[in-house]
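Asker: Structure provided below as structure tokens; questions to follow.
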Amino acid sequence: MEPILQIKNLTHTYGIGTPFQRSAVEDMSFEVYGGEFLGIIGHTGSGKSTLIQHLNGLLKPTGGQILLNGKDIWAEPKKIRDVRFRVGLVFQYPEYQLFEETVYKDIAFGPTNQGKTGEELDRCVRESARLVGIRDDQLDKSPFELSGGQKRRVALAGVLAMEPEVLILDEPTAGLDPAGRENLMANIRDYHRNKNKTIILVSHSMDEIAQNVDRILVLKSARVLMSGAPAEVFARAEELITAGLDVPQVTRIAMALKARGMDIDPAVYTVEALEQEILALRKGGAPC
């Protein structure tokens, strides 16, 4: 499988030549594949926010490269705006960036700047609105009349309407209640499944990461600590905890049961997997 994004020896240093000089990202290398759902985790200060702002050219590397479909995104600096259309970034609390008179106009802002007009623009707006659960009758409303969760969906729809090849989500469910979080993540899962687009999810919620992504990238102190499928990463739960990170609640339960002498895989990270482990113990056999 060909990578859609290649991060090669990426370094970003703030305050060069001052007493406050520090590298927020240091010699970081990894690849992101087409259609992949990648999760990025790391404690505060690990470099997550700095990293994702490089992926669509909001920040320029101090060293190293970002390749999009094999081409350095900074090869032609005057075209960096096109990269931002192709790699969509939804910031934390994006609803604070809403400003248009109607939901329709807010969603249409990005694709209009791409040059979309008429039927093509209308299709992009309405299709992206449906993808995130915004009804047609809500499109003529002011975005400021909507609930917090609905505003979040409008902001997400505005990025989806640009039809990016890669969608980056920075803490997309922050501040939402449990029902709002699950509804929004269900919309994102549907989008991924139906469009087969590449999604990069940054989240502090290990349960959110565990339940949604194909692969996890763990950052620590501006570097990549580990990378792998959820089962591989959560098998190193003790190392994650030592690095100041959490693990899914189910994994914590499994670890506690293991510590009490039960023959359970402490790396399970879904309720279903833990249920299979416990049922197998009751039957006296191995899990299915």
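Asker: Go through the stretch 21-45 and count every residue that is under 17 Å from Leu169 (Cα atoms) and either outside any strand (DSSP E or B) or touching a helix residue (DSSP H, G or I) at 6+ places or on another chain (Cβ under 9 Å) (or both).
Answerer: Number of matching residues: 11.
Asker: Another question about this same structure. Report, by residue number, each residue of the stretch 196-215 that is assigned to a helix (DSSP H, G or I) and without any contact (Cβ under 8 Å) to a residue 40 or more places away in the chain.
Answerer: Within the stretch 196-215, Glu208 is the sole residue that qualifies.
Asker: Also: Check Ala237 against each of (1) more than 26 Å from Ser23 (Cα to Cα); (2) among the aliphatic types (A, V, I, L, M); (3) free of Cβ contacts under 8 Å to residues at least 40 places away in the same chain; (4) surrounded by fewer than 21 Cβ atoms within 10 Å (Cβ to Cβ) and name the one condition it does not meet.
Answerer: Every condition holds for Ala237 apart from (4).
Asker: Answer yes if at least one residue in the stretch 226-244 is of a type in the set (A, V, I, L, M), over 16 Å from Ser46 (Cβ atoms) and under 19 Å from the mean Cα position of the chain (by Cα), and no otherwise.
Answerer: Yes: one or more hits.
Asker: Follow-up question, since we're still on this one. Read through the list (1) free of Cβ contacts under 8 Å to residues at least 12 places away in the same chain; (2) buried (at least 18 other Cβ atoms within 10 Å of the Cβ), then give the number of the only condition that Val159 fails.
Answerer: Evaluating Val159 over (1) free of Cβ contacts under 8 Å to residues at least 12 places away in the same chain; (2) buried (at least 18 other Cβ atoms within 10 Å of the Cβ) leaves (1) as the failure.
Asker: Shifting gears a bit: Consider Asp246 against the criteria (1) in contact (Cβ under 8 Å) with a residue 60 or more places away in the chain; (2) in a loop (DSSP other than H, G, I, E, B): it satisfies all of them except one. Which criterion is unmet?
Answerer: (1)
Each row is one residue, and each column tells you yes or no for (1) of a type in the set (Lys, Arg); (2) outside any helix (DSSP H, G or I); (3) surrounded by 21 or more Cβ atoms within 10 Å (Cβ to Cβ).
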{"position": "Leu5", "(1), (2), (3)": "no, yes, yes"}
{"position": "Pro19", "(1), (2), (3)": "no, yes, no"}
{"position": "His54", "(1), (2), (3)": "no, no, yes"}
{"position": "Leu59", "(1), (2), (3)": "no, yes, no"}
{"position": "Ala75", "(1), (2), (3)": "no, yes, no"}
{"position": "Lys78", "(1), (2), (3)": "yes, no, no"}
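Asker: Let me ask something additional. Can you name every residue in the stretch 61-73 that is exposed (fewer than 15 other Cβ atoms within 10 Å of the Cβ) and assigned to a loop (DSSP other than H, G, I, E, B)?
Answerer: Of everything in the stretch 61-73, those that are exposed (fewer than 15 other Cβ atoms within 10 Å of the Cβ) and assigned to a loop (DSSP other than H, G, I, E, B) turn out to be Asn69, Gly70.
Asker: Residues of the stretch 110-120 being on the phi < 0 side of the Ramachandran plot, surrounded by fewer than 18 Cβ atoms within 10 Å (Cβ to Cβ) and not polar (S, T, N, Q), which ones?
Answerer: Scanning the stretch 110-120 gives Glu119, Glu120.
Computed from the coordinates by the stated procedures, all read-outs in this text should not be read as laboratory data. Bear in mind the structure is a predicted one, so any value in this text is a computation, not a measurement. Please note: Cβ atoms are built from the backbone with ideal geometry, for glycine as well, and neighbour counts cover all protein chains shown.
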